[in-house]
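The structure appears right after this line, and notes come after that.
Values quoted throughout were computed directly from the atomic coordinates according to the rules given, and no laboratory measurement underlies them. No experiment lies behind these values; they were computed from the predicted model shown. So basically every Cβ, Gly included, is an ideal-geometry build from the backbone, and we count neighbours across all protein chains shown.
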There are 2 protein chains.
Amino acid sequence: MRAKIADVARHARVGAGTVSRVLNGAKNVSRHTRARVLASIDELEYVPNLVARGLAANRTGIIAAVVPALGYSQHAEVIQGITEFLHEHGITLMIGHSGYDLEVEREIISAFLARRPDAFYITGVDHSEATRRILRDSGVPVVEGGNLTDTPIDCVVGYSNFEAGRQLTHLLHERGHRHIVHVNNGSEVNDRNRDRQRGYEAACAELKIAKKKRVITGTNTLDGGAQAVAEVLALGRPVDTLQCGTDVLAVGAILECQRRGIAVPGQLAITGFDDLPIASAIVPSLTTVKIDRIGLGRRAGRVLLQRLSNEVLPSKAIDVGFQIVERASTKPPTGR
Amino acid sequence: MRAKIADVARHARVGAGTVSRVLNGAKNVSRHTRARVLASIDELEYVPNLVARGLAANRTGIIAAVVPALGYSQHAEVIQGITEFLHEHGITLMIGHSGYDLEVEREIISAFLARRPDAFYITGVDHSEATRRILRDSGVPVVEGGNLTDTPIDCVVGYSNFEAGRQLTHLLHERGHRHIVHVNNGSEVNDRNRDRQRGYEAACAELKIAKKKRVITGTNTLDGGAQAVAEVLALGRPVDTLQCGTDVLAVGAILECQRRGIAVPGQLAITGFDDLPIASAIVPSLTTVKIDRIGLGRRAGRVLLQRLSNEVLPSKAIDVGFQIVERASTKPPTGR
DNA sequence: CTGTTAGCGCTTTCAC
DNA sequence: GTGAAAGCGCTAACAG
């Protein structure tokens, strides 16, 4: 049988409360007593039962995280950043994935709530009204992540997908591209991709370019990117640039161009989003938008911790920014 | 204040025990009583506190998972498979990552133990002696995953990395390749990669081929793969095939060959391991070993569940197999 | 079938 | 500074 706090108390000839105080680093314990207790803990190989502590203290030391999917490294990296940071503070992560389905998301959050997490991390800023209500009613701190919004449930750590999309389009325009088509991943609609597209559309409006069909919807796979190339070719009008909503689509498009003998960027420039490792390695290297996801995760972890200790946040929204990385896939179109 | 079980009991005019029985689906509750209790639960919007249940029942409904890193989709997919399966059974996953460090792994496991998980999932079959002891002493079921071993801590769900490496080398030999160099990822040594290499070495011995330096060590990145190509070129002796320990290395090698104008597979055949999406999309498409990771995860989930309910396992080791996928990157060497 | 009761192992007043 | 005792919300034995 595992040692419990009463065993330690008896062994150290103190009360259970004192052991608890030592465990939790309370100040009002004499040096001497503390030493005796610590020695007993050591000798009995006592490990506190965090479940019992959670019940008694009404604080579990667990944070719940909900992501759309773990298979995509973007989300996995954010989670990695969060756990890295929180582990140092004795907090554990409970994890679930929604498969990009807001209804499933709500279900998971409800289920998690029964486990009394101290806080929530949720990917994205779009959630069902029911989700928002449940979360608000629970009174648990919530950090949304990966995008920005003026109306967070509680607070948000992310970057502006809208601005990233918009600035990228402007950059392409500056570099001489005029016929830009945006490739969206329709199968997994989410606020991040939607905002990237809106940014593109805003830029188009500002620049007064491209009036015809400018958006193609594909699945967020390499094959989806390949199909986007086929679709663009079938449009029967000049297109010099494919602004893809993700690196996966962009890489798929580049590989398809390779197969079809279309020169990139000579005949078609291509951009992505995420800066996956492959983006800098592929030939031609891919112009894309880089986000420090692990950093975002660590930042979210810090905010989570601040919310736990009721610290006042300087702001409801923390912008971790993004960086446009210009590479070979968008060298100015040669020829005409 | 949230409703608690006593509130429900009062509201339904029954005892707390009865509510608990209804909650846990015990059979010995009359239809009528059950209905009344359910109605009260509904009306009071009662949600059981699983922390309290965990303490009382000595069963938390939480399973702890430890992976080396989440950023690599292989591990993330296994986790996804496990959670998918376990979520249907009301079990939640607690997650941590060790960064391929066995000492960190031990630390995490110790920390997790304090939260009284009902079981552990651990990546790999190599763990420190301390880890094995702690886990054994705790009496918690443990499922190791992603490889096979004769001496699991408790039980294991995986596939034979050794056999995969061995069979791949044999296949290459059958296809006419004679000068095969293995590229290992030395920076993140682990049992999976080690066994793949051993399989290759075993095959070489069986086939009596390649006596000189046959193994290159790189970091498991695209760049590592590129460097392996450079290293092989510098060897100054004929090498017709690069058998890479991971798809990441292999893709890096293919891209480097593209840059250097080395024909793949004409001058150099290349193989990978994992069958990432890029493997079938890259030009030339990559011969590799495919593992159904989500399936592995779901299988591990099932085993975890069986161990929880003290079901007798048919075997300590479950082999989910692998599949060699032959693609363009290993078409028989032309020319000489 | 159902109510009552005694814990699960810890934290947290409250006196001393 | 420290001990005693009352819960935290639930389950599980035990009567009835």
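Could you sort out which of B:Lys27/B:Lys316; B:Lys290/B:Lys331; A:Lys316/B:Lys4 sit more than 24 Å apart by Cα distance in this structure?
Numbers: B:Lys27/B:Lys316 33 Å; B:Lys290/B:Lys331 18 Å; A:Lys316/B:Lys4 33 Å.
Those over the limit are B:Lys27/B:Lys316; A:Lys316/B:Lys4.
Take every residue in peptide B:98-111, count the Cβ atoms of other chains within 10 Å of its Cβ, and give the average of those counts. All intermediate terms of the calculation are to be shown ahead of the outcome.
Details: counts 0, 2, 0, 0, 0, 0, 1, 0, 0, 1, 3, 0, 1, 5.
The shielding value for this peptide is 1.
Counting Cβ atoms of other protein chains within 10 Å of each residue's Cβ and taking the mean over peptide B:87-95 gives 4. Our summary gives chain B a relative contact order of 16 percent, counting only alpha carbon pairs under 8 angstrom and 6 or more residues apart. The distance linking the range A:222-240 with the range B:51-75 is 44 Å (Cα centroid to Cα centroid, whole angstrom). Taking the empirical scaling 2.2 N^0.38 Å for compact globular proteins as reference, the range B:1-148 has a Cα radius of gyration ratio of 1.33. Given +1 at the Cβ of Lys and Arg, -1 at the Cβ of Asp and Glu and no other charges, the dipole of chain B around its Cα centre is 580 debye to the nearest 20.
Under the criterion of Cα pairs below 8 Å and six or more residues apart, the relative contact order for the range A:201-336 equals 22 percent. Sorted fewest first by neighbouring Cβ atoms within 10 angstrom, B:Tyr159, A:Tyr72, A:Tyr200 come out as A:Tyr72, B:Tyr159, A:Tyr200.
Taken residue by residue and averaged, Cβ atoms of other chains lying within 10 Å of the Cβ of B:280-286 number 4. Residues whose amide H falls under 5 Å from that of A:Val143, counting only those 5 or more places apart or on a different chain, are A:Phe120, A:Tyr121, A:Ile122, with hydrogens built in the peptide plane.
Can you give the percent of C-alpha pairs in the range A:182-336 whose distance is more than 21 Å? Distances greater than 21 Å cover 50 percent of the Cα pairs. Where both partners of a DSSP beta bridge lie in chain A, what percent of those bridges are antiparallel, to the nearest 5? The antiparallel fraction comes to roughly 10 percent. Over the range B:72-194, Cα pairs under 8 Å with separation of 6+ residues give a relative contact order of 18 percent.
Here the mean projected area of the convex hull built on the C-alpha positions of the range A:90-230 is 10.6 nm². What share of the DSSP beta bridges in the protein assembly as shown is antiparallel, in percent to the nearest 5? Counting only bridges with both partners in the protein assembly as shown, antiparallel ones make up about 10 percent. Considering only B:Ala300, B:Ala114, B:Ala202, the Gaussian network model of chain B with Cα springs below 10 Å gives its largest mean-square fluctuation to B:Ala114.
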